[in-house]
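Just below is one structure, and these are the notes that go with it.
Nothing in this text is a laboratory measurement; each read-out follows from the coordinates by a stated rule. Everything numeric here is computed off the predicted structure, so don't read it as measured data. Glycine gets a Cβ as well: all are built from the backbone with ideal geometry, and neighbour counts include every protein chain shown.
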Amino acid sequence: MNLFGNYPQLIIFIHVISAVVWIGGMIAMRYAAHYAFQSIEDPKERLRKTANALKRLFVLVAPFTILLVATAMIMAIAMGLHHGAYKAMTMAKEGLWTVMFINYLAMVIRRNQAQRLLDNGNFDGAKAKLGLIGTYMVPLNIILGVIAIYLGVVLRLG
Ligand code: HEM
């Protein structure tokens, strides 16, 4: 199987577009949608809208998180990146993806918990759950994602 050798443009395209959707989606949510939601006067409605928007974002990015790592593995194996000069950088990117993915799963779980609290009328509990996602978890994934993109550029230039 020589997927990368046969379709290098397609593999790199899927890798890059996956990063664009995952990181770009989080940036748009955190720094555009989030502030737009602040104009909703009713705090309960604001929480409901935020939980709903996060759900849509998390469903949207799910396939791209997997496509990103699948194309990464195809490239790493085809280019022999686990041996030689690029081993450390490759492992660093794998580490970044792993932390980002665990953080993503933790956000999905937290959002589902917040949804249940909202459905049961516990708005303070839901606010605390959603607050951590917006304040720390999404920004963490944005920062790690930007570092991974930079390392991608370094790997590309060789
Ligand atoms: C899981 C481990 C990963 C590996 C082994 C890996 C590997 C690579 C390689 C080899 C390239 C260069 C492709 C080329 O020859 O042009 C690349 C580029 C890139 N990677 Fe990754 N990657 C990984 C994870 C990630 C993650 C987590 C992100 C972002 C969230 C990411 C974003 C990018 C981007 C945007 C490029 C394009 C850079 C450019 O074209 O200059 N990668 N990656």
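Across the range 1-155, Cα pairs under 8 Å and at least six residues apart give a relative contact order of 31 percent. Charges were assigned to the Cβ only: +1 to each Lys and Arg, -1 to each Asp and Glu. The resulting dipole of the chain about its Cα centre is roughly 160 debye. Determine, for 13, 101, the number of other Cβ atoms within 10 Å of each Cβ, and report the residues in order from fewest to most. Least crowded to most crowded, the residues run 13, 101.
Taking the fewest neighbouring Cβ atoms within 10 Å as the starting point, the ordered list for 18, 39 is 39, 18.
Lysine pair count for the chain with Cα-Cα distance under 18 Å and sequence separation of 8 or more or different chains is 7.
Would you list 71, 50, 135 from fewest to most Cβ contacts within 10 Å?
Arranged by neighbour count, lowest to highest, 71, 50, 135 become 135, 71, 50.
Remark: the chain is approximated by an ellipsoid whose semi-axes, taken from the C-alpha gyration tensor as √(5λ), come to 36, 14, 13 Å, largest first.
The equivalent ellipsoid of the range 1-91 has semi-axes of 38, 13, 10 Å, largest first, where each one is the square root of 5 times an eigenvalue of the Cα gyration tensor.
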